[in-house]
Amino acid sequence: MTRFDELLRDVRACTACAAQLPLAPRPVLQAHPAARLLLASQAPGRKVHESGIPFDDASGERLRTWLGISRETFYDRRQVAIVPMAFCYPGTGASGDLPPPPECARRWRERLLSQLTHIELTVVIGSHALAWHYGRLGPVRGLTITDAVRDWRRHWPSMIALPHPSPRNNRWLVRNPWFEAELLPVLRARVAEVLAGAAADRKDTKDRKARAAPGDRPAGSNGTRTGREGETGNGGRNAGEGAGKRAGKGAGREAAAARGDRRAAA
């Protein structure tokens, strides 16, 4: 087990917020040190709490459409990391799910994100994730989700803010048609670029391993030089046998010539 796997094990066993949660703790996240795309979201909803799969709901379907990626790619932790501000379902209030408990981010967030060293694009989803991630890059007092989304070039191409993809935000989408018409095509192109780079790196790694595999080495590469260089091994033996045959034929011709010379002299 790697150190990162140990860290994930500790996160999934955490019960620090148990006293303030409506249900038993069930941390839900997805991460791997090789991931290139980070989804920094809010907290799991009730359905995600039950399934244990991040964004396994209507919000996830819309988010995958926004990003332009398949469900298979979305749940490949070597490509996509999903690290919400809180890992457990916080409960429901009058206007939707309650805010993520801050203790979760204080305890785990820096430790997790410091291990994700290959992230090329962070997608910030919702106001709490916005305050945490944008707040590390500059002042965010008074900055709303709409402001951050409209000013999407602020931290582009390494970070971008999105509204939460919940059906509760349908009205926001209607009021801001530019989001789907103008921003999403650019976002999808960037996501495709990031994940294509990850795929190329995986292929390079696979090719290097294949070249290093003993079964794929050329004849004579087991510590000896090839037959052309006169060493042992099948190539060397073949070359040596060929040289021997040629030398034998040459010696025979010289002996025959010598016998002919003696008969002529007699």
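The values are calculated or read from the model by the stated rules, or taken from the named source; none is laboratory data. Quantities reported herein were computed from a predicted structural model and do not represent experimental measurements. Note: ideal-geometry Cβ built from the backbone for every residue, glycine included; neighbour counts use all protein chains shown. Accessible surface is based on the protein model in full, side chains and every heavy atom, while ligands, DNA and RNA are left aside. Shrake-Rupley method; radii C 1.70, N 1.55, O 1.52, S 1.80 Å.
Based only on Cα atoms, what Rg/Rh ratio does segment 1-68 have, Rh being taken as Kirkwood's radius? Checking Rg against Rh, the ratio lands at 0.99.
Accessible surface area normalised per residue over segment 1-118 is 47 Å², counting heavy atoms of protein chains with a 1.4 Å rolling probe.
Think of a 1.4 Å ball rolled over the protein heavy atoms: segment 151-198 then has 53 Å² of accessible area per residue. Highest average first, the peptides 106-118, 80-92 ordered by how many other beta carbon atoms sit within 10 Å of their residues are 80-92, 106-118.
Taken one residue at a time, the phi angles of segment 38-45 give Karplus couplings (6.51, -1.76, 1.60, θ = phi - 60°) of 10, 9, 9, 10, 8, 6, x, x Hz. Gly and Pro are set to x. Carbon-plus-sulfur fraction of the accessible area of segment 1-93, 1.4 Å probe, in percent? After summing per-atom areas, the C and S share lands at 47 percent. Using a cutoff of 8 angstrom between alpha carbon atoms and counting only pairs six or more residues apart, the relative contact order for segment 1-107 works out to 35 percent.
Whole-Å semi-axes of segment 12-146's equivalent ellipsoid, largest first, each the root of 5 times a Cα gyration tensor eigenvalue? All intermediate terms of the calculation are to be shown ahead of the outcome.
Values: eigenvalues 85, 68, 52 Å².
Values for segment 12-146, descending: 21, 18, 16 Å.
Between L143 and any residue 5 or more places off or on another chain, the built amide H atoms are never under 5 Å apart.
Computed 3J(HN,Hα) for segment 64-77, one whole-Hz value per residue from the Karplus formula 6.51 cos²θ - 1.76 cosθ + 1.60 where θ = phi - 60°, is 5, 5, 4, 7, x, 10, 7, 4, 4, 5, 4, 9, 8, 5, glycine and proline marked x.
Percent of C-alpha pairs per 10 Å bin in segment 75-130, short distances first: 19, 50, 26, 5. Note that segment 70-224 carries a Kirkwood radius of 18.6 Å, evaluated over its alpha carbons pair by pair.
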